[in-house]
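Below is one structure; the comments refer to it alone.
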Amino acid sequence: MAKIKQKTHSGAKKRFQLLKSGKVKRKQTRMRHLNSHMSSKVKRHLGDMIYVDQANMLQIKRQLVF
């Protein structure tokens, strides 16, 4: 019987980047719509990528198999 291959989660591969150091980066939320009231400084900082917390790291790495 053939072994079932594990596949990369297609939603996770669009949202997260796995770095060589082992960390995972993601975009911040609240930048899609309803942000005309925000200052330019807030929007600029929300545009930056941030690292995923250690608590969620294992779950995301399991989804990003390849």
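Structure notes:
- R0 of 25 Å, Cβ-Cβ distance His9-Leu46: FRET efficiency to nearest 0.05: 0.50
- Angle of helix 54-63 to the longest C-alpha principal axis of the chain, folded into 0 to 90 degrees and rounded to 10: 50°.
- Here Lys13 is the anchor, and the lysines within straight C-alpha reach of less than 26 Å, apart from those fewer than 8 places off in the same chain, are Lys3, Lys5, Lys23, Lys25, Lys27, Lys43, Lys61.
- One decimal place: the segment Phe66-Ser39 gains 5.8 nm when fully extended, by the rule 0.36 nm per residue minus the C-alpha distance.
- Identified option (computed volume of the Cα convex hull per residue in Å³; candidates [x] 111; [y] 75; [z] 92): [x]
- Between Lys27, Lys13, Lys41, the Gaussian network model of the chain with springs among Cα atoms under 10 angstrom shows the greatest mean-square fluctuation at Lys41.
Every number here is computed from the coordinates shown, using simple stated rules; none is lab data. As the structure is a prediction and not an experimental result, all values here were calculated from the model. Neighbour counts are summed over all protein chains in view; Cβ atoms, including those assigned to glycine, are modelled from backbone coordinates with ideal geometry.
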